[in-house]
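The values are calculated or read from the model by the stated rules, or taken from the named source; none is laboratory data. Predicted, not measured: the structure shown is a model, and the values here were computed from it. Heads up, the Cβs are rebuilt from the backbone with ideal geometry, glycines too, and the neighbour counts pull from every protein chain shown.
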Amino acid sequence: MVNLLIDTDIGDDIDDAFALLYAIRSPEINLRAITTVLDNTNARAQIALKLLSENGINDIPVYAGAVKPLVMPVDAMRPVPPQYLPETMSAIPISSTPAVEAIAGLLEDIADLEILAIGPLTNIALLIEQYPAAASKIKRIHIMGGSYYHSMNEWNIERDPEAASVVFNAGIPLRLVGLDVTTRCRLSTEQVQEIRSAGGSVATLAHMMDIWISQQERDGVSMPILHDPLAVHSIINDADVQFQKEEVKIELKGEFTRGTTFIEPYRLWGGKVPDTRFDVAYNVDAPRFIQHFFRTCFAELIK
C-alpha cells in the first residue's frame, strides 16, 4: 500500500476531482492528506473536503497552500474556482495549518511518504526551500505535468515554471505523466451520462463535471480528459503506463517556450541517457486504464 499525499488545484479542470475519487476508492492507496495550491486555496480545500465527506471520509486532513506562484505576477486571480459550490461548501471549516508546514510534519512522521502533484508545483518548491531536511525524505513525487515528446506547454508547469525548476533540480525521484499520454484518455459520452445519473456519493462530483462541460463546450471540448486520474493509475497499476528514463529541463526564459518541459536529446545523438531520477511516461493502454478507473470509481453503475 502506498502512503500518499495529493497536492492539487482542484476546482478548475474536473480531472482533479476524478483523481481524488480514484485515490480514495483504490485499496492500493493510503491517502494521508490533501493540500491545495494557487489562487483561492481555501475554497479549493473546501471542495476537497466536500467530496471526501460525500464519500463518508472524515479522517483525511486537507490543508490550504500557496496562493501565488513563486515569482510570476498574478494578473487575474479568480475569487473562487469555477466548480466551487458556495451553497454546500462555504461553511466547511478548514485547517489553519499552512500546507507546506503540514507536508513537512507528515514527512517527519511517515518514513515512506510519496506525493502526487496534480497542480502547479508551488507548494512542493516552497517545501524544498523552507524545509530541505523534510523534503529530502520524500520517497518519490508523481507529477501530472509537462509534455515531453510533443512541443506544447502544459498548464501545471506553465503556471509556475520557477517552482517546477526547483522541484526538477532537487534530486528527488520523479515520475512524470504528461500530455503525451493523458490526452489519449477521454471519457465517452455514455460514461459521462452514467456519472450524471448516478446520484448518491458522486452527486457533487457530477454537478462539478457539468459545470466544467458547460464551460468547455464553448471551446469545442465536451468530454473530460483523465489527465490526473492517469497519474493515480500509474501508481497503482504501472503495467498499463510505460516509462523510460529521460533527462528533463524546464525552460524559464523563452518568449514562446517559457514553461516548456525539454528533454535533452541524448537518444538522437546515439548517446547514453545519464543516470537520472526521472521516469517519463511515453505510452499507455488507454482502454484498459479507463475501464479500471470507471469500475473503481463508479462500481455501482457497472451492471
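Name every residue in the stretch 108-141 that is among the acidic types (Asp, Glu) and part of a helix (DSSP H, G or I), in order of residue number.
Result: 108, 109, 129.
Looking only at the stretch 50-71, which residues are exposed (fewer than 12 other Cβ atoms within 10 Å of the Cβ) and at negative phi?
Listed by number, the residues that qualify are 58, 59, 71.
Grab the strands (runs of 3 or more DSSP E) fully contained in the stretch 1-95, keeping just those with 3 or more residues being of a type outside the set (A, V, I, L, M) and in contact (Cβ under 8 Å) with a residue 12 or more places away in the chain.
Of the strands (runs of 3 or more DSSP E) lying wholly inside the stretch 1-95, those with at least 3 residues that are of a type outside the set (A, V, I, L, M) and in contact (Cβ under 8 Å) with a residue 12 or more places away in the chain span 2-8, 29-36.
Scan the stretch 20-42 for residues that are over 17 Å from the mean Cα position of the chain (by Cα) and aliphatic (A, V, I, L, M) and jot them down.
Of everything in the stretch 20-42, nothing turns out to be over 17 Å from the mean Cα position of the chain (by Cα) and aliphatic (A, V, I, L, M).
Restricting to the stretch 168-191, count the residues that are among the aliphatic types (A, V, I, L, M), assigned to a helix (DSSP H, G or I) and in contact with a helix residue (DSSP H, G or I) (Cβ under 7 Å, 6 or more places away or on another chain).
The total comes to 1.
Starting from residues that are in contact with a strand residue (DSSP E or B) (Cβ under 6 Å, 6 or more places away or on another chain) and of a type in the set (D, E, K, R), keep the ones in the stretch 1-27 and report whichever is nearest to residue 56 (Cα to Cα).
16
Results for (1) at pLDDT 95 or above; (2) over 18 Å from residue 297 (Cβ atoms); (3) touching a Lys or Arg at 6+ places or on another chain (Cβ under 9 Å); (4) surrounded by fewer than 18 Cβ atoms within 10 Å (Cβ to Cβ), shown as yes or no for each residue.
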residue	(1), (2), (3), (4)
7	yes, yes, no, no
20	yes, no, no, no
44	yes, yes, no, no
73	no, yes, no, yes
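In the list 184, 218, 175, which residue meets the criterion of being surrounded by fewer than 18 Cβ atoms within 10 Å (Cβ to Cβ), over 23 Å from residue 83 (Cα atoms) and of a type in the set (Lys, Arg)?
Sole residue among the options that is surrounded by fewer than 18 Cβ atoms within 10 Å (Cβ to Cβ), over 23 Å from residue 83 (Cα atoms) and of a type in the set (Lys, Arg): 184.
Which members of the stretch 213-246 meet the condition of being in contact (Cβ under 8 Å) with a residue 60 or more places away in the chain, under 12 Å from residue 279 (Cα atoms) and not acidic (Asp, Glu)?
Passing the criteria: 234, 241, 243.
Answer yes or no: is there a residue in the stretch 121-137 that is closer than 27 Å to residue 71 by Cβ, surrounded by 23 or more Cβ atoms within 10 Å (Cβ to Cβ) and in contact with a His (Cβ under 6 Å, 6 or more places away or on another chain).
No, the stretch 121-137 has no match at all.
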